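Comments concern the structure below.
What follows is calculated from the coordinates using simple rules that are stated; it is not laboratory data. Keep in mind the model is a prediction, meaning the values are calculated, not measured. Backbone-built Cβ (ideal geometry, glycine too); neighbour counts: all protein chains shown.
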Amino acid sequence: MVDMTEKKKKGPKKLERHFKGVSNHRRIQILLLVARSPDISLDDIVGEVNGNMKTIAEHTRRLMLAGLVEKTYAGRTVQHKLTPYGRKFVEFIDDFSSI
């Protein structure tokens, strides 16, 4: 009988997808910003990180594809918030950066 309380571990391919999502300093910066400001708009992210709109949009797209950020559309704005995996990565980054 299989213990249903035991969590299934992610395989290397799925882990790679998440790690590639944060494999850039700007994406890490954006991930931490979204953690501090849930539902932040793309315009606000661009202003906070002082970046180019197209570049930041691509970084948020990659974070979304990695399963770390989710986007919701509110009229003409796009809001961003962390997924459960995104929250885990923020915890990891916080722990790792304080070593």
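Take the residues of the stretch 59-70 that are aliphatic (A, V, I, L, M) and not in a strand (DSSP E or B): which is nearest to Val90 (Cα to Cα)? Quick ask: steps written out before the conclusion?
Step one: list which residues in the stretch 59-70 are aliphatic (A, V, I, L, M), which gives 63-66, 68-69.
Right, trim to not in a strand (DSSP E or B) and you get 63-66, 68.
Numbers: Leu63: 13, Met64: 15, Leu65: 17, Ala66: 14, Leu68: 10 Å.
Step by step, filter the stretch 59-70, then rank; the result is Leu68.
Would you please name the residue that is nearest to the chain's Cα centre (by Cα), looking only at residues in the stretch 6-54 that are closer than 14 Å to Lys71 by Cβ and among the charged types (D, E, K, R)?
Taking the candidates together, the pick is Asp39.
Can you name the residue in the stretch 59-70 that is among the charged types (D, E, K, R) and in contact with a helix residue (DSSP H, G or I) (Cβ under 8 Å, 6 or more places away or on another chain) and, of all such residues, is surrounded by the fewest Cβ atoms within 10 Å (Cβ to Cβ)? Step through it out loud before you land on a result.
So the first thing to find is which residues in the stretch 59-70 are among the charged types (D, E, K, R), and the list is 61-62, 70.
Those left that are additionally in contact with a helix residue (DSSP H, G or I) (Cβ under 8 Å, 6 or more places away or on another chain): 62, 70.
Details: Arg62: 19, Glu70: 14.
The extreme case among them is Glu70.
Being loosely packed, with under 15 Cβ neighbours inside 10 Å, of a type outside the set (Lys, Arg) and not in a helix (DSSP H, G or I) is the filter here; which residues of the stretch 71-99 pass it?
Residues satisfying the conditions are Thr72, Tyr73, Ala74, Gly75, Thr77, Ser98, Ile99.
Would you pick out the residues in the stretch 27-58 that are in a strand (DSSP E or B) and buried (at least 16 other Cβ atoms within 10 Å of the Cβ)?
Filtering the stretch 27-58 down to residues in a strand (DSSP E or B) leaves 40-41.
Listed by number, the list holds a single entry, Ile40.
Condition test on Thr55, is it among the polar types (S, T, N, Q) and touching a Leu at 6+ places or on another chain (Cβ under 8 Å)?
Details: among the polar types (S, T, N, Q): yes; touching a Leu at 6+ places or on another chain (Cβ under 8 Å): no.
So Thr55 does not fit the description; no.
Would you mind finding the one in Gly47, Gly75, Gly86 that is without any contact (Cβ under 8 Å) to a residue 24 or more places away in the chain, under 25 Å from Ser97 (Cα atoms) and out of contact with any Lys or Arg (no Cβ under 8 Å at 6 or more places or on another chain)? Can you show your working first?
On the way: Gly75 fails: under 25 Å from Ser97 (Cα atoms); Gly86 fails: without any contact (Cβ under 8 Å) to a residue 24 or more places away in the chain.
Selected residue: Gly47, the only one of Gly47, Gly75, Gly86 that is without any contact (Cβ under 8 Å) to a residue 24 or more places away in the chain, under 25 Å from Ser97 (Cα atoms) and out of contact with any Lys or Arg (no Cβ under 8 Å at 6 or more places or on another chain).
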